[in-house]
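Novice: Please find one structure pasted underneath; my questions will follow.
The values are calculated or read from the model by the stated rules, or taken from the named source; none is laboratory data. The structure presented is a predicted model; accordingly, all values stated were derived computationally and were not measured. Note that each Cβ is placed from the backbone with ideal geometry, even for glycine, and that neighbours are counted across all protein chains shown. Side chains included, ligands, DNA and RNA excluded: accessible areas come from the protein's heavy atoms. Shrake-Rupley method; radii C 1.70, N 1.55, O 1.52, S 1.80 Å.
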Amino acid sequence: SLVTSGRLASSTLRYNPFFSFSLYNQFDLQFRQACCEDVNFCSLYHERRPIERCFFYRPPFFTWCWGDPHIRTLDGRRYTFNGLGEYIFANVNGTFETQARTKLAAENITATLFSAFAVADLTPGSDRVQGEIGPDGEFIARLNGDDITAKLSSVKDTYMTMSVMLERIAEDTVSVSFMSSISLEMSLVEGTLTSLLIIPPEFNGTVIGLLGNLDGDDTNDLMYRNGTIASDDIPDSEKHV
């Protein structure tokens, strides 16, 4: 359960430990240790750094995609998408975008699978991250086009820039986190890439792409580029968005 009192209670942070660790260490971690660990002034510390009770917390939205490809939109609509090419997976408020690439699952069939994801904050100077299946079926991580897979060779390895953090959270899974709190996990599973996208609630209603529009209505998630909503009489296994 959530600890809301005493020395172990959480508190408000000034700096993000993932992107500003030195400042977090100096002004958050060390301050807390000096007041709550070295001496028993934790009550005074919490007067300045209130305990987080999660009263107004709103959980983020998340969705996952897998297989050939099975997609669950951010509003919960499920469908199978066998398009071949590169697509906007989700554009968030015009400031963040993730794209997906598909390839044929095998010769002489029409089924496809995800072979690459690219993700970027669209503000000038931000970094671009790409995860893809290599020529030998291996997972390759790229930062601004450069192969950085070797920097993430072991579980818990991290690589950070001023705008993004990458972490290998499992043997075949890499997590990409941005300052906006949007994150994307990419996993290599049996020759295909799967994904888990997490978006904070403040972006509700600002999304377009294969993952729908995040407006709470799953009936309008499947939309053509001209704004037309796909008919519900199309079989789920044959939907083209």
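Novice: Residues that are of a type in the set (A, V, I, L, M, F, W, C), touching a residue at least 60 places away in the same chain (Cβ under 8 Å) and either in contact with a Ser or Thr (Cβ under 9 Å, 6 or more places away or on another chain) or buried (at least 18 other Cβ atoms within 10 Å of the Cβ) (or both): does region 45-58 have at least one? Even if it seems obvious, please write down each step before you answer.
Specialist: First pass over region 45-58, keeping only residues of a type in the set (A, V, I, L, M, F, W, C): 51, 54-56.
Within this subset, residues satisfying the condition of being touching a residue at least 60 places away in the same chain (Cβ under 8 Å) are none.
Checked region 45-58: no residue is of a type in the set (A, V, I, L, M, F, W, C), touching a residue at least 60 places away in the same chain (Cβ under 8 Å) and either in contact with a Ser or Thr (Cβ under 9 Å, 6 or more places away or on another chain) or buried (at least 18 other Cβ atoms within 10 Å of the Cβ) (or both).
Novice: Output the number of residues of region 39-66 satisfying the condition of being under 30 Å from ALA100 (Cα atoms) and modelled with pLDDT under 85. Before the answer, list the steps.
Specialist: Initially, region 39-66 is screened for residues under 30 Å from ALA100 (Cα atoms), giving 58-66.
Checking which are modelled with pLDDT under 85 leaves us with 58-59.
Count: 2.
Novice: Follow-up. Of all residues in region 208-230 being modelled with pLDDT under 90 and small (Gly, Ala, Ser), which is nearest to ASN91 (Cα to Cα)?
Specialist: Only one residue fits best here, namely GLY227.
Novice: Please find, among GLY76, GLY94, GLY83, the residue that is over 18 Å from the mean Cα position of the chain (by Cα) and of a type in the set (Gly, Ala, Ser).
Specialist: GLY83
Novice: Could you check region 178-187 and list, in sequence order, the residues that are open to solvent by less than 30 Å² (accessible area, probe 1.4 Å) and part of a strand (DSSP E or B)?
Specialist: If the condition is that a residue be open to solvent by less than 30 Å² (accessible area, probe 1.4 Å) and part of a strand (DSSP E or B), then PHE178, SER183, LEU184, MET186, SER187 are the ones that fit.
Novice: On to the next question. Name the residue, out of GLY191, GLY131, that is under 21 Å from THR63 (Cα atoms), touching a residue at least 12 places away in the same chain (Cβ under 8 Å) and within 18 Å of the chain's Cα centre (by Cα).
Specialist: Only one candidate passes the filter, namely GLY131.
Novice: While we're here: How about region 98-117: which of its residues are among the hydroxyl-bearing types (Ser, Thr, Tyr) and in contact (Cβ under 8 Å) with a residue 60 or more places away in the chain?
Specialist: Restricting attention to region 98-117, the residues satisfying the condition of being among the hydroxyl-bearing types (Ser, Thr, Tyr) are 98, 102, 110, 112, 115.
The answer is THR98, SER115.
Novice: Going through ILE169, ILE140 one at a time, which residue ends up being aliphatic (A, V, I, L, M), open to solvent by 50 Å² or more (accessible area, probe 1.4 Å) and part of a strand (DSSP E or B)? Walk me through it before giving the result.
Specialist: Details: ILE140 fails: open to solvent by 50 Å² or more (accessible area, probe 1.4 Å).
It is ILE169.
Novice: Among the residues of region 96-116, are any over 17 Å from GLY191 (Cα atoms), of a type in the set (Phe, Trp, Tyr) and part of a loop (DSSP other than H, G, I, E, B)?
Specialist: no
Novice: Output yes when any residue across region 150-157 is part of a strand (DSSP E or B), at pLDDT 95 or above and either touching a His at 6+ places or on another chain (Cβ under 6 Å) or not aromatic (Phe, Trp, Tyr) (or both), and no when none is.
Specialist: Checking region 150-157: not a single residue is part of a strand (DSSP E or B), at pLDDT 95 or above and either touching a His at 6+ places or on another chain (Cβ under 6 Å) or not aromatic (Phe, Trp, Tyr) (or both).
Novice: Follow-up. Is there a residue in region 119-130 that is open to solvent by 30 Å² or more (accessible area, probe 1.4 Å), at positive phi, out of contact with any strand residue (DSSP E or B) (no Cβ under 6 Å at 6 or more places or on another chain) and modelled with pLDDT under 90?
Specialist: yes
Novice: Oh, and also: Select from region 67-106 the residues that are in contact with a helix residue (DSSP H, G or I) (Cβ under 8 Å, 6 or more places away or on another chain) and among the charged types (D, E, K, R) and write down the one among them that is nearest to ASP217 (Cα to Cα).
Specialist: Selected residue: ASP75.
Novice: Here is a check on your reading of the model: is SER153 of a type in the set (S, T, N, Q) and surrounded by fewer than 12 Cβ atoms within 10 Å (Cβ to Cβ)?
Specialist: Against the criterion (of a type in the set (S, T, N, Q) and surrounded by fewer than 12 Cβ atoms within 10 Å (Cβ to Cβ)), SER153 qualifies.
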